[in-house]
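Structure, as structure tokens:
Bear in mind these aren't lab numbers, they're just calculated from the coordinates by the rules spelled out. All figures in this text were calculated on a predicted structure; none of them were measured in a lab. So basically every Cβ, Gly included, is an ideal-geometry build from the backbone, and we count neighbours across all protein chains shown.
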Amino acid sequence: MGNIHLKNVSKDFFGVEVISGVDLEINDGEFVVFVGPSGCGKSTLLRLIAGLEDVSAGAIEIDGRDMTNVRPAQRGLSMVFQSYALYPHMSVRKNIAFPLKMAGESADVIDRKVNEAARTLNLSDYLERRPGQLSGGQRQRVAIGRAIVREPEAFLFDEPLSNLDAALRVNMRLEIAELHQQLKTTMIYVTHDQVEAMTMADKIVVLQSGIIEQVGSPLELYHHPKNRFVAGFIGSPAMNFFSGGAALEFNAHTIGIRPEDFVLSTETGKWQGAVGIAEHLGSDTFLYVDVDGMGAALVRVAGDFAARHGERVYLTPAENRVHRFDGDGLAI
Amino acid sequence: MARKISNRRLLFFTIVAWGLSLLMFFPVLWTILTGFKTEAEAIASPPSLFMFDWTMDNYAEVRSRSNYFRHFLNSVVISVGSTLLGLVFAVPAAWSMVFSPSRHTKNILVWILSTKMLPAVGVLIPIYLIFRDLGLLDTRTGLVIVLMLVNLPIIIWMLYTYFKEIPGEILEAARMDGASLGKEIIHVLVPMALPGIASTLLLNVIIAWNEAFWTLNLTATKAAPLTAFIASYSSPEGLFYAKLSAASTMAIAPILILGWFSQKQLVRGLTFGAVK
């Protein structure tokens, strides 16, 4: 079982509060992603769950047991670090075996489990190598192997892919998602990359300045953001925001429209503007349109859409796809 | 981009480096050479550098007059023992200051170092009296303890510098993997910091080997190391330079040989953190 319950958890460092009264329920087998900008407290929250930091107030329960003051190793959790945190003086085999050795497992059990994990992660040929002789992706797999062998209640991933190049990151993302399908174990994953969050998560927790802004499934957050921050953070490219007259028309202080939620025409439409830069990605084209009296808008159109710089175009927001926010940035 | 040094500058710096090295080594060389002279040649004016009658008489007399190997053994026990004991205290101390710092850590580090600035003679009488009462005068145990205390600040500072280079995440990973504090230090920290620990060990063995203030003041005969052995040749009847030099050569030879073979490790240790 891997139910994790955070009850009013707070953390301050020398009087500066970085996590304020977080309440969160994580169910067994869920893939939960903590996402937010740098310094929002997502890694700190993960470290609090891991036990690597002490909470200043509140409680952490794992499977109904209060683990707030329990040592990291006794919480039944495994962690994969951003820098892999492999033991450089040990071979891959010894790295993966380390938690089993610390748990006092017999040599037979250690051998069997290490070989099993190595097979799962395609590391069997590298068991006698040192981490320094491996590529970034292989090192990350060793780190995951070390986490798997403990058969934890939950896995904690602290930005595990941020040191990898773009192509490898996509591969590893898939591998971790597959691993989750295979193991069905709770996974908590920290990232600042909202694409990773959207593609991997069952549940996303959006954090800002140490507080949870919204918790929900990727599509729930995408379609029904609770506030302007979540609306702007989730989705790539980001949502367009307009205030003033355009917003007043919708009885809002600010309105938000996603780039794909515009209908673009060269003949007619609600707002008129001039095409600025066009980014051709093949499947899509992103147009930066300077809308008269409203400012810049990013519009997603079909990949083969031909638009010249300076050409006048019309934009109309798709029906029921306009997000409305009040003066405090809360969704109306 | 690496800065290019012109050949002329390189030649200049090479000559300066050799000049300074020879200047620093000259007293050692002079001592070694004097050990092979007669007492008359040792004090002759003008002195001769190489053109003298080479003799081994001084070494023979020094060997017959004192028990060199007992002093040598004392030096080994005291220098290695005090360094190892220092490491036992310094490793956890440096660990806590690097990986579990408080807002006072920097002040504590400076305070630790400040104890090195205290003139040793200032605490000689209290330490002497404590040693007398505890029966530690003229014992190897006593010297191991006092030299450990004297060199502990340097050991802690050196280890602090090395441990700073080790990513904290690796130790956290060990903690997550179920390692207790002791196992974390033994299985992860120490193997990773081994080059630094080896440098610290070497340097402190050398410092302890050459330490003369405490070894002379707290020993008489039983625990006297090689420093006391040298000092015994400066007698009230006058200085016998040739014999004194022979004794000095015998005393510094082991540590010179150790230093020569470990110079790569020592240089790395002394410049650690300064260049990455």
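How high is the relative contact order of region A:109-259, given as a whole-number percent (alpha carbon pairs under 8 Å, six or more residues apart)?
13
The local environment of A:ALA201, defined by Cβ-Cβ distances under 14 Å, has a net charge of -2 under the rule Lys, Arg +1 and Asp, Glu -1.
Residues in region A:144-155 carry Karplus couplings, in order, of 5, x, 4, 6, 5, 4, 6, 6, x, 6, 8, 9 Hz; the curve used is 6.51 cos²θ - 1.76 cosθ + 1.60 with θ = phi - 60°, and Gly or Pro positions show x.
Using the Cβ-Cβ distance between B:LYS106 and B:GLN265 with R0 = 22 Å, the FRET efficiency computed as 1/(1 + (r/R0)^6) comes to roughly 0.20. For chain A, the spread of Cα coordinates along the three principal axes comes to 76, 45, 33 Å, biggest extent given first.
Expressed in Å, the radius of gyration and Dmax of the Cα atoms of the protein assembly as shown are 35.2, 117.
In loop segments of region A:1-82 as defined by DSSP, the chymotrypsin sites (Phe, Trp or Tyr not before Pro) with at most 12 further C-beta atoms inside 10 Å of their C-beta are A:PHE14. Within a straight-line Cα-Cα reach of under 17 Å, B:LYS116 can be paired with the following lysines, leaving aside sequence neighbours fewer than 8 residues apart in one chain: B:LYS106. Computed over chain B, relative contact order equals 31 percent, with contacts defined as Cα pairs under 8 Å that lie 6+ residues apart. Here the contact order of region A:265-332, divided by its residue count and restricted to Cα pairs under 8 Å and six or more residues apart, works out to 35 percent. One Cα centroid belongs to region A:98-155, the other to region A:1-25; the line between them spans 31 Å. Annotation: region A:36-175 has a Kirkwood hydrodynamic radius of 16.0 angstrom, from the mean reciprocal C-alpha pair distance. Between helix B:105-114 and chain B there is an angle of about 10 degrees, using the helix long axis and the longest principal axis of the Cα atoms. In this structure, the amide hydrogen of A:PHE31, modeled 1.01 Å from its nitrogen in the peptide plane, lies closer than 5 angstrom to those of A:MET187, A:ASP202, A:LYS203, counting only residues at least 5 positions away or on a different chain. Mean projected area of the Cα convex hull of region A:157-300, taken over all directions, amounts to 10.8 nm².
For the segment A:91-103, counting C-beta atoms of other chains within 10 Å of every residue's C-beta and taking the mean gives 3. The three principal axes of the C-alpha atoms in region A:218-258 carry coordinate ranges of 31, 17, 13 Å, sorted with the longest axis first.
In this structure, the amide hydrogen of A:GLN214, modeled 1.01 Å from its nitrogen in the peptide plane, lies closer than 5 angstrom to those of A:VAL206, counting only residues at least 5 positions away or on a different chain. In terms of packing, defined here as the mean over residues of other Cβ atoms within 10 angstrom, the peptides B:151-162, A:242-253 line up highest first as B:151-162, A:242-253.
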